[in-house]
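*Asks:* Quick one: structure below, then a few questions.
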Amino acid sequence: MNDTPLRLGVPVKVLGAPIKSNDTRRWQSSPHLKVSLEYVDQLLDYLASRRIDMYRLSSDLAPYATHPDMPQFHGMVAESDAELRALGAKAKQLGMRLSFHPSQFVLLNSPDESLTKKSIWDLASQAEMLDRMELGPEAVMVTHVGGVYGDLVESRARWARRWETLPDHVRSRLVLEHDDVRFSAADVLWIHERTGVRCVFDYQHFWCLNPERLEMIDVLRRILATWPVGERPKIHFSSPRMELRELVRTHPKTRKKTTALLPPVITNHADFTNPFEFARFMRDADGLVFDVMLEGKAKDLALLKLRADLARLAPDVAARFGISPAEAAEPELVGGEEAEAMADEDPDEGARRLPDEPRAFG
């Protein structure tokens, strides 16, 4: 497996085709996982046509499947066994690596036991879907440590203790990622040493939060080494958003609108990936093997643009991803009906207030 080209992947929605990522109907319309899987089946065809072979499934793939007050939806994963198995077979036939990134509301280190119980239920549901797809151990669920709750050391240790309580099928799929405001790469490596959990390196998060002043490539090596031999690690890569922001304010009495110019929030993801930044990182990581989930706001369009940029500007890096010189031509970036998704929040982006941590971060 490790002698095949490295993969580039995209999360959840695509902009190059009018295909939904999941059944978004409200509960009154009886949404179902089977409908979501029909959309994903179309997405895999689209991604394969663009030679994209890594995809992050929506964390809302099974709508209301773990809603505590809606038992009518709780059986939908088991009801979709045949469809999940068929989709998994298709993904394997296409060489498509699938994963989940549960939302920021999934918190294993919360002092609130009820919230932790619900989080484990969410993880168990997503792990069950991957198991029913009969996918290998590289199909993972990526989560963050969670909240600080006034004591980072204790909150970190609480996550490690909760790991021991997780069902086996959850532990076999769960991997831990450092974030940009709370828990650094050093923190997740500390947890790994006590639990054995695999870890995911995030390039932008490392720049945003590295109080220990660790060396990037050394940390990358250590995080990749948390994966067993024979399993290819994955990392996340994004460039910071650097555009000037325009904030329109309306006066409450006169209703007059004024525009304020604000600096960028560098924890936010840019639409596209800086090819020079990416090439420098990949050259520094020469000899290391991992797949890359690109978290640019432009989704698949960002991947296609980066692929062309690498073919033209960094052919040595392009070769590692199986990108040929013929792909140097600028791709035609035609968006689909979901182009507004570029403005969507991503569970892996920015200083997010956690649901039961109202005062720690605003």
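*Asks:* Could you give the dipole magnitude of the chain about its Cα centre, charging the beta-carbon of Lys and Arg +1 and that of Asp and Glu -1, in debye to the nearest 20?
*Replies:* Charge dipole of the chain: 680 debye, to the nearest 20.
*Asks:* Let me ask another. Probe 1.4 Å, all protein chains in place: accessible area of Leu214 in Å², nearest 10?
*Replies:* 50
*Asks:* Let me know the charge dipole size of region 164-259 about its Cα centre in debye, to the nearest 20, where only the beta-carbon of Lys, Arg (+1) and Asp, Glu (-1) is charged. Present the calculation step by step, with values, prior to reporting the outcome.
*Replies:* Details: 17 positive and 14 negative charges, 179 e Å.
Around 860 debye, computed over region 164-259.
*Asks:* Which helices, counted as full DSSP H runs in the chain, have an axial Cα extent of no less than 18 Å and a Kyte-Doolittle average of -1.0 or above? List each step's numbers first, then the result.
*Replies:* Numbers: long enough: 33-49 (24 Å, 0.42); 81-94 (20 Å, -0.33); 113-132 (28 Å, -0.62); 299-313 (21 Å, 0.29).
Sorted by number, the helices that extend far enough and score high enough are 33-49, 81-94, 113-132, 299-313.
*Asks:* Mind jotting down a quarter of the surface of the convex hull over the alpha carbons of region 143-198, in square nanometres, one decimal?
*Replies:* On the way: hull surface 14.0 nm².
Seen from a random direction, the Cα hull of region 143-198 projects 3.5 nm² on average.
*Asks:* Let me know the Kirkwood hydrodynamic radius for the chain, please, with Cα pairs as the basis and the value in Å to one decimal. Please list the in-between numbers first.
*Replies:* Details: mean 1/r = 0.0468 Å⁻¹.
Final number for the Kirkwood radius of the chain is 21.4 Å.
*Asks:* Moving on. Give a quick list of GluC sites (Glu not before Pro) in region 84-162 that DSSP marks as loop, anything other than H, G, I, E or B, with at most 15 other Cβ atoms within 10 Å. Write out the running numbers ahead of the final one.
*Replies:* On the way: sites: Glu113, Glu128, Glu134, Glu138, Glu154; in loops: Glu134, Glu138.
Within region 84-162, the qualifying GluC sites (Glu not before Pro) (loop, at most 15 other Cβ atoms within 10 Å) are Glu134.
*Asks:* Counting only heavy atoms of the protein chains, get the accessible area per residue of the chain (1.4 Å probe) and round it to a whole Å² value. Please report the intermediate quantities before stating the final value.
*Replies:* Numbers: 16130 Å² over 362 residues.
That works out to 45 Å² per residue.
*Asks:* Tell me which lysines have Cα within less than 28 Å of Lys299's Cα, excluding those fewer than 8 residues away on the same chain?
*Replies:* Partners within reach: Lys13, Lys20, Lys34, Lys90, Lys92, Lys234.
*Asks:* Out of the total accessible area of region 114-272 (probe 1.4 Å, heavy atoms of protein only), what percent is carbon and sulfur? Please list the in-between numbers first.
*Replies:* Values: 4060 of 7220 Å².
In region 114-272, the share of accessible area belonging to carbon and sulfur is 56 percent.
*Asks:* Would you be so kind as to identify which of Thr250, Val181, Trp159 lies farthest towards the positive end of the dipole of region 156-275, taking Lys and Arg as +1 and Asp and Glu as -1 on Cβ and the Cα centre as origin?
*Replies:* Thr250
The values are calculated or read from the model by the stated rules, or taken from the named source; none is laboratory data. Here the structure is a predicted model, which is why all the values come from computation and not from measurement. Here Cβ is always computed from backbone atoms with ideal geometry, including for glycine, and neighbour counts include all displayed protein chains. For accessibility, only protein heavy atoms count, side chains too; no ligands or nucleic acids. Shrake-Rupley method; radii C 1.70, N 1.55, O 1.52, S 1.80 Å.
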